[in-house]
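Asker: I'd like to ask you about the structure that follows.
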Amino acid sequence: MHHAVIAATGLYAPPFSVSNAELVDTFNAYVERFNARNADAIAAGDIVALLPSSVEFIEKASGIKSRHVMNKSGILDPAIMHPVLPERPNDQISILAEMAVAAAEDAILAWGKPVSEIGAVICAASNMQRAYPAMAIEVQQALAINGFAFDMNVACSSATFGIKTATDFIASGSVKAVLIVNPEICSGHLNFTDRDSHFIFGDVATAVIVEAASQTTGGWEILGTRLKTVFSNNIRNNFGFLNRTALEGASTKDKLFVQEGRKVFKEVVPMVSELIVQHASDLGIDPRSLKRLWLHQANINMNEMIGRKVLGRDPAPGENVIILDTFANTSSAGSIIAFHTTNDDFAVGEIGLICSFGAGYSAGTVFLRKR
Ligand code: COA
């Protein structure tokens, strides 16, 4: 069996950032218009008036202060309330692939080796832009990589599932290096008219190169990977190619992200904490000795609770990395952004953990030791 390492990572952050204040101003303008337009029906009790959103609530409930997005003007126009991303002709690179390529180029530059050494590309993300051809194959072609490529979607856990898949490919000797990309245009599946969730997501792309340990010095030894899934409807998006076949006229609301936030919080925190502690124990690692946690960036309260359960104490500053204040929830990319931006102070031998969790439910752990 061949051991695998994370040899390099990359990040692409879209150029536009939206603050909570900007988002709330737009949402509240939308609410005012809606309530004015429906004043009679609201007075008659036929429609419930919409309530305004608030910056204070968003920061307290989620820890998010701003998010990057691929288009700002549409999101902040109360008459539009979604990103405006013009369709591209088929002979032009698609927007999701373009983001993935930017993150991949960042990782390849850090890696410093020719792409001819990469044998496979995995596009692991929450929402693919189209049914086929696979996004990963478009990325593979744009980067002139040989071998094979495919897409996989395990929602917010896609990146760790991708790392696990790459690690297994390397263990079996199928390839020597795998490029995993996680392009996420979460703003495209967010309902910006929904008070409960309009603030949750941001857009970003990350990339990870997993390589056979024998091929390289340095990097991060993958000590162990573990995946877990348990079916739940509490985070769901019903968008799909069968939507147009529902003649009864299904609601459009659930064709975007919907969740039962409180239930998710209550059910996912114990599931993830137990997975981490059990996996650490099976690897002979004391979770309290971990130098850093790079958790999925879902919600500050959720992340802090998992951090406390795993470390058995209040994490010291920087021990449980939080980047969702400026990126928001970026689905599969969150834990990779956290890892990418806060790992250069590790000494050889120190151990950290990448961990994802999200819709499915799904969760994945990747224990890493600095080489
Ligand atoms: N602005 C102001 N007030 C708001 C609001 C908004 N945008 N949205 C909701 N509220 C109000 C509610 O009406 C409610 O008021 P009430 O107490 O008078 O009834 C109150 O705030 C609390 O609402 P609730 O939905 O219970 O908030 P919460 O504290 O559970 O936080 C989430 C909501 C979504 C941030 C939180 O449940 C969460 O993060 N859950 C984890 C889910 C997650 O991260 N999923 C991502 C996939 S991993």
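The values are calculated or read from the model by the stated rules, or taken from the named source; none is laboratory data. Quick caveat, the model's predicted, so the values are computed rather than measured. Here the Cβ positions follow ideal geometry from the backbone for every residue, glycine too, while neighbour counts run over all protein chains shown. To get the accessible areas, we keep the full protein, side chains included, count just its heavy atoms, and leave off ligands, DNA and RNA. Shrake-Rupley method; radii C 1.70, N 1.55, O 1.52, S 1.80 Å.
Asker: Whose amide H sits under 5 Å from the amide H of VAL154, counting only residues 5 or more places off or on another chain, with H placed in the peptide plane?
Answerer: ALA125
Asker: To the nearest 0.05, what FRET efficiency results for ASP314 and TYR132 with a Förster distance of 35 Å applied to their C-beta separation?
Answerer: 0.15
Asker: What does the charge count around LYS65 come to, taking other residues whose C-beta lies under 9 Å from its C-beta (Lys +1, Arg +1, Asp -1, Glu -1)?
Answerer: So the surrounding residues net to -1.
Asker: Between the range 58-93 and the range 1-41, how many Å separate their Cα centres?
Answerer: First find each Cα centre; the distance between them is then 6 Å.
Asker: Roughly what would the spin-label model give for LEU85 and ASN146, points 7 Å off Cα along C-beta, in nm?
Answerer: Output for this residue pair reads 3.3 nm.
Asker: Considering only the other residues whose Cβ falls under 15 Å of the Cβ of GLN278, what net charge follows from Lys and Arg at +1 and Asp and Glu at -1?
Answerer: Neighbour charge sum, excluding GLN278 itself: +1.
Asker: Hey, what did the range 221-370 get for relative contact order, percent, Cα under 8 Å, at least 6 apart?
Answerer: It rounds to 35 percent for the range 221-370.
Asker: What are the aspartates and glutamates whose alpha-carbon lies under 20 Å from the alpha-carbon of LYS255, with same-chain residues fewer than 8 places away excluded?
Answerer: Correct list for LYS255: GLU87, GLU184, ASP194, ASP196, ASP203.
Asker: Starting from the Cα-Cα distance between ASN35 and GLU22, subtract it from 0.36 nm times their residue separation and give me the gain in nm to one decimal. List each step's numbers first, then the result.
Answerer: On the way: separation 13, 0.36 × 13 = 4.68 nm, distance 2.01 nm.
Difference between extended and current length: 2.7 nm.
Asker: Describe numerically, in nm with one decimal, the distance between label points set 7 Å from Cα along Cα→Cβ at ASN301 and at SER214.
Answerer: Simple spin-label model gives 5.1 nm for this pair.
Asker: How many angstrom lie between the Cα centre of the range 306-371 and the Cα centre of the range 124-154?
Answerer: A separation of 25 Å, based on Cα centres.
Asker: With a 10 Å radius around each residue's Cβ, average the other Cβ atoms per peptide and rank 234-241, 327-334, highest first.
Answerer: 327-334, 234-241
Asker: Within the accessible area of the range 128-175, what % is carbon and sulfur when the probe is 1.4 Å and the other protein chains stay in place?
Answerer: 56 percent
Asker: Sequence-distant or interchain residues sharing an amide H contact under 5 Å with TRP294, placed H: which?
Answerer: When sequence neighbours closer than 5 places are left aside, the close amide H contacts are LEU353, ILE354, CYS355.
Asker: Hey, what D do you get for the range 221-370 in µm²/s if you plug the Kirkwood alpha-carbon radius into Stokes-Einstein at 37 °C and 0.692 mPa s?
Answerer: 200 µm²/s
Asker: Amide H to amide H, which residues 5 or more places from ILE75 or on other chains are under 5 Å from it, using H placed in the peptide plane?
Answerer: HIS82, VAL84
Asker: So, R0 is 41 Å and r is the distance between the beta-carbons of LEU242 and GLU59; what FRET efficiency does that work out to, to 0.05?
Answerer: That pair, LEU242 with GLU59, gives E of 0.60.
Asker: A further question follows. How compact is the chain by the rule of thumb for globular proteins, expressed as Cα Rg over 2.2 N^0.38 Å?
Answerer: 1.00
Asker: In what sequence, highest mean first, do 306-316, 100-110 appear when ranked by Cβ atoms within 10 angstrom? Working shown, then result.
Answerer: Working: 306-316: 15.8, 100-110: 21.5.
Averaged packing, sorted descending, gives the order 100-110, 306-316.
Asker: Now a separate question. Add -39500 (n - 2.57) for each DSSP H run of 4 or more in the chain, then divide by its residues: what number comes out at 222 nm, to the nearest 500 deg cm²/dmol?
Answerer: Taking each H run of at least 4 residues, the total per residue is -9500 deg cm²/dmol.
Asker: To the nearest 0.05, how large is the calculated FRET efficiency for LYS113 and ASP46 if R₀ is 56 Å and r is the Cβ-Cβ distance? Let's see the in-between values first.
Answerer: Numbers: r = 65 Å, r/R0 = 1.15.
The value I calculate is 0.30.
Asker: Same structure again: Any idea of the accessible area per residue across the range 221-370, 1.4 Å probe, to the nearest Å²? Write out the running numbers ahead of the final one.
Answerer: Values: 7020 Å² over 150 residues.
Per-residue accessible area for the range 221-370 comes out at 47 Å².
Asker: Tell me, what is the percent relative contact order of the chain, built from C-alpha pairs under 8 Å that lie six or more residues apart? Walk me through the intermediate numbers first.
Answerer: Values: 829 pairs, mean separation 86.8, N = 371.
Across the chain, relative contact order equals 23 percent.
Asker: Still on this structure, I have one more. How do the peptides 318-326, 354-362 rank, highest first, by the average count of neighbouring beta carbon atoms within 10 Å per residue?
Answerer: Ranked by mean Cβ neighbours within 10 Å, highest first: 354-362, 318-326.
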